[in-house]
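Laboratory data are not the source of any read-out in this text; all were calculated from the coordinates shown. What you are looking at is a predicted structure, and each value in this text was computed from that prediction instead of being measured. All Cβ positions, even for glycine, are placed from backbone atoms using ideal geometry, and neighbour counts span all protein chains on display.
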Amino acid sequence: MSLRSAFKQVWQTLGSIKTGVILIILVVIFSAAGTVILQRPMTEPEDMQRAYAPAMLRFLDAVGLTDVFHARWFVALLILVSLSIIAASIRRFPNAWRFYARPYKSPDTHFRRVLPNQARIPIKEEEQGLSAAERALHHVGFGPERIVRPNSFSLFAERHRISEMAVYIVHASLLLIFLGGIVDALYGWKGFLMLNPGTESNQIELRSGAMKTIPFAIRCDGAGEDTYADGTPKKYWSRLAVIDSGREAQTKEIVVNDPLVYRGLRFYQSTYGRTGKIERLTLDATRVSQHTSSTQEISLALGQTVELDPETSVQLAEFIPDYVVEDGRVYTRSNDIENPAVHLIVTSKRADSRVDVWLPEIPGVSQNALSPYTFEPRDLKTQVYTGLQVSHEPGQWAVWAGVILMAIGLTFVFYVSHVRFWVVPVREGGGDLWLWVGGTANRNRDAFEVKFKQLVERIQKELKARAVPSAEIEEVKH
């Protein structure tokens, strides 16, 4: 087999409807698998291990089913489907274009004989019949065209010829969607950015664990959550600012599904929580004295020292969000604010002493009784963080264009019919003159039959003819 014949065979196989249908079914199956099977790295490794047995997880990783939409074999499948659609379109488009560009306007005898929807109406003169048909066609919403031939006159009217090309609009939409998927798989990326209020960064942690530097920085000016009356979370939000070339280029408060978009990058609200670090602690400090008892309110940040009087100061030395005591020492059990404790150091210049004060008081560790002041917590503010999912999807414009184009194409496929009418004066061998009326539609034929009968009845009305017996109006439907 020569190279040319082999290429021709491959091209014919790619262009066959059967091949295209099989490939599209495979794309749908693997896309569905990508939505059902947990995907890396959006899913935490621990969740993957809990969901699948070790052997099954190794198999899924090996065949790429845990990252379907970025697997090279899935990209190859999209390319193969695209080539199949292109081959099928190229093979069939010339005939379709000839049909579209040169519509059949003057039906011959054989065509008139086999057309499913047709009728014959007796007339006295050709011009009388054609004029009546013209008025009837205008009445039902068609603009008829007079077709002049050397030995005959006829009428032709049509509507929505573009629906004959609707399948190619759908083909183009599929190609755009697949192009967007291929571009995103090859050149797109997703990552994560965590910020505390008041901080900014241009370092994105990619799904692979690598760090990527973007050409501008994102600053978090605030983050929080709104709750329902029962305390359950309603929404998370973040106030973000884009810092580009040293200036504030854009600001936006984002929530879930309402991202900040800048220079092709999308920043989605992904997570929100508390870091377990203290931001500000407010206390009531009361002087312990036999003669006087005075209370003052103080506010401390971690490491900050505040004077209580000229001889005494207090420093916030440590904050533990969830403490546990083991072997006479205080340890951090977790970063969740479950069982918080603060460590204060009270320094007295007169006594030249340092006293360790713990709130709450921890037996065997704290020296609260030796402190010249007692402390009562009033307010505790801990630091929060916002987690942003960052995505760069350069193929999304093609995907959305394809979706819009597909909606247009499917509208024409399912709801728009190419309707054609022909009107031809015909004189039979006996000398009788008839007005032959025929019509066809490429889809929704039941509705077209109703329209065809309306047209015939309207022509009769325009002719002001008597009710024609059924033997004189012959309708042939196959």
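The figures follow:
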| read-out | value |
| --- | --- |
| Most positive-pole-ward Cα, Met48, Ser334, Ala157, against dipole of the chain from beta carbon charges | Ala157 |
| Signed unit charges on C-beta, dipole axis of the stretch 52-200, positive-most listed residue Thr66, Ile177, Leu83 | Leu83 |
| Estimated FRET transfer efficiency (Glu145, Val21; beta-carbon r; R0 35 Å; 0.05) | 0.35 |
| DSSP-assigned coil residues among GluC sites (Glu not before Pro) in the stretch 61-143, each with at most 14 further Cβ atoms within 10 Å | Glu125 |
| Neighbour-count order for Arg287, Arg247, fewest beta carbons within 10 angstrom listed first | Arg247, Arg287 |
| Within the stretch 3-98: Cβ-based charge dipole about Cα centre, in debye rounded to nearest 20 (Lys, Arg +1; Asp, Glu -1) | 860 debye |
| Given charges at beta-carbon only (K, R positive; D, E negative), |dipole| of the chain in Debye | 3540 debye |
| Separation of the Lys277 and Glu200 label points, Cα + 7 Å toward Cβ, nm | 1.9 nm |
| Alpha-carbon Rg/Rh ratio, for the stretch 168-209, with Rh computed the Kirkwood way | 1.30 |
| Normalised per residue, the volume of the convex hull around the Cα set of the stretch 196-239 (Å³) | 95 Å³ |
| Share of Cα-Cα pairs in the chain lying beyond 28 Å, as whole percent | 73 percent |
| Charge-dipole axis of the chain as Lys and Arg at +1 and Asp and Glu at -1 on Cβ define it, positive-most pick from Cys220, Phe7, Asn95 | Asn95 |
| Relative contact order for the chain, counting Cα pairs under 8 Å that sit 6 or more residues apart, in percent | 21 percent |
| Cα-derived Rg over Rh, computed across the stretch 250-298 with Rh taken as Kirkwood radius | 1.46 |
| Cross-link partners of Lys453 among aspartates and glutamates (Cα-Cα below 19 Å; sequence separation of 8 or more within a chain) | Glu134, Glu158, Glu462, Glu472, Glu474, Glu475 |
| Nitroxide proxy distance, nm - points 7 Å out along Cα→Cβ at Ser294 and Leu38 | 6.1 nm |
| Nitroxide proxy distance, nm - points 7 Å out along Cα→Cβ at Leu370 and Ala76 | 7.4 nm |
| Segment Leu410-Thr286, length gained on full extension (0.36 nm per residue, minus Cα span) | 36.9 nm |
| Normalised convex hull volume, the stretch 1-65, alpha-carbon set, Å³ per residue | 126 Å³ |
| The stretch 34-138: trypsin sites (Lys or Arg not before Pro) in DSSP coil with no more than 16 other Cβ atoms inside 10 Å | Lys105, Lys124 |
| Estimated dipole of the stretch 173-303 in Debye, rounded to 20 [Cβ of Lys and Arg +1, of Asp and Glu -1, Cα centre] | 300 debye |
| Theoretical gain in end-to-end length, Val403 to Asn442 [0.36 nm per residue, Cα-Cα removed] | 11.6 nm |
| Cα-based equivalent ellipsoid of the stretch 277-380: semi-axis lengths in Å, sorted from largest, via gyration tensor | 24, 15, 12 |
| Pairwise FRET efficiency - Phe99 versus Met211, Cβ, R0 = 51 Å, nearest 0.05 | 0.35 |
